[in-house]
Amino acid sequence: MSEDYETKPGVRIPSREDSLPKRFYEAVSVDEAEDGWRILLDGRAIRTPAKQTVSLPSQALAQLIADEWAAQGERIDAPNMPATRLCFVALDRMAETREATAAEIVKYASTDLLCFRAPEPAELIAAQSAAWDPLLAWARDELGIELVASTGLLPVDQDAVALTVLHGRARDLDPIRLTALAHSTALCGSAVLGFALLEGRIDAEQAFALSTIDEHFQLSQWGEDAEALERLERLKTEVVSVGNVLAAL
């Protein structure tokens, strides 16, 4: 409706971009310090919102974040800097929220997407089984986490020992990997997919595809929906970003 709104000559309606902070730097570079790799803006190391100097374990990850800063235009658009946001959360919050984050991942496992199977139609049942059964088997064999699948909406009481094992695996991760795991688990609705991405069993594109089987089946049955496709594209972008961070580690 803004295009129909008349203002006085020379008066412009503020846009979202107007609220973003202005870019205050020209050059972006990566440099190795004693405690890790840093991102420099005009020679000064970037800091987190909590004023911690960003120090990262690999040059590749530092470069990934540096590329996000270099790609900014006249304004700094933080929502379009997913790797930066993830590392800021890891550095600022994970020390205090490690146990809570691991517990949240366990909550997803107790109602894991891969364990909820459609009662019908046959095509969707077959698609879910073909895609998800190998991942549940992998979790059992490689992670020691056996989760039971069921049909319908009611959750299954998963084995407490398996959930305890999963909690320990999550809790023992370094801050960046734990943050990445928590984010991918929430995005996919599945701790199994989160761990599979973390461990390299699947890549980010596969994680996205496996987590959206139901949505894509519905689109194939009822036709494309612009709003649904836009939501899926945003989800894919976030999942791929997590994959990029993990690959850079």
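A short reminder: the numbers here are calculations on the coordinates, not readings from a lab. Being a predicted model, the structure only gives us computed values, none of them experimental. Positions of Cβ are backbone-derived with ideal geometry, glycine not excepted, and every protein chain shown enters the neighbour counts.
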>> With a cut-off of 8 Å between alpha carbons and a minimum separation of six or more residues, what is the relative contact order of the range 65-170 in percent?
In response: 26
> Using the Cα gyration tensor of the range 152-214, with a ≥ b ≥ c the square roots of its eigenvalues, what is the shape: rounded (a/c below 1.5), prolate (a/b larger than b/c) or oblate (neither)?
Replying inline: oblate
>> Using a 10 angstrom Cβ neighbour count of at most 11 plus a DSSP loop assignment to flag exposed GluC sites (Glu not before Pro), which longest range of the chain is free of such sites?
In response: 75-223
>> Of 228, 41, 114, which is farthest towards the positive pole of the chain's charge dipole, taken about the Cα centre with +1 and -1 on the beta-carbons of Lys, Arg and Asp, Glu respectively?
In response: 41
> Which entry in [x] 254; [y] 140; [z] 158 matches volume of the Cα convex hull per residue in Å³ derived from the coordinates of this structure?
Replying inline: [z]
> Looking at the range 16-99, which chymotrypsin sites (Phe, Trp or Tyr not before Pro) are DSSP coil and have at most 14 other C-beta atoms within 10 Å of their C-beta?
Replying inline: 24
>> What does the C-alpha gyration tensor say about the overall shape of the range 116-249? Classify as rounded when a/c is under 1.5, otherwise prolate if a/b is larger than b/c, or oblate.
In response: oblate
>> If you take every residue apart from residue 161 with its C-beta less than 15 Å away from the C-beta of residue 161, what net charge results, scoring Lys and Arg +1 and Asp and Glu -1?
In response: -1
> Which Cα, out of 91, 176, 105, lies furthest along the positive dipole direction of the chain (beta carbon charges, K/R +1, D/E -1)?
Replying inline: 91
> Once amide H atoms are built 1.01 Å from N in the peptide plane, which residues 5 or more positions from residue 30, or in another chain, come under 5 Å H to H?
Replying inline: 40
>> Could you work out the relative contact order of the range 16-80? I mean the mean sequence separation of Cα pairs under 8 Å and 6+ apart, divided by the number of residues, in percent.
In response: 36
> Which ³J(HN,Hα) values, rounded to whole Hz and listed in residue order, are derived for the range 235-243 from phi using the Karplus coefficients 6.51, -1.76 and 1.60 in 6.51 cos²θ - 1.76 cosθ + 1.60 with θ = phi - 60°, glycine and proline given as x?
Replying inline: 4, 4, 4, 5, 5, 4, 4, 4, x
> Can you give the net charge of the other residues whose Cβ lies under 9 Å from the Cβ of residue 243, counting K and R as +1 and D and E as -1?
Replying inline: -2
> Using the Karplus equation 6.51 cos²θ - 1.76 cosθ + 1.60 (θ = phi - 60°), what ³J(HN,Hα) coupling, rounded to whole Hz, does each residue of the range 82-99 give in order, writing x for Gly and Pro?
Replying inline: x, 5, 4, 4, 4, 5, 4, 4, 4, 7, 8, 10, 5, 4, 8, 10, 4, 5
> How do the peptides 52-61, 156-165 rank, highest first, by the average count of neighbouring beta carbon atoms within 10 Å per residue?
Replying inline: 52-61, 156-165
> Over the chain, what is the relative contact order in whole percent, taking alpha-carbon pairs under 8 Å and six or more residues apart?
Replying inline: 18
>> If you average the C-alpha positions of the range 232-246 and of the range 93-160 separately, how far apart do those two centres end up, in angstrom?
In response: 20
> Once you sort the root eigenvalues of the Cα gyration tensor of the range 16-80 as a ≥ b ≥ c, which label holds: rounded (a/c under 1.5), prolate (a/b larger than b/c) or oblate (the other case)?
Replying inline: prolate
> Any idea what the dipole of the chain comes to, in debye rounded to 20, about its Cα centre with Lys/Arg Cβ at +1 and Asp/Glu Cβ at -1?
Replying inline: 780
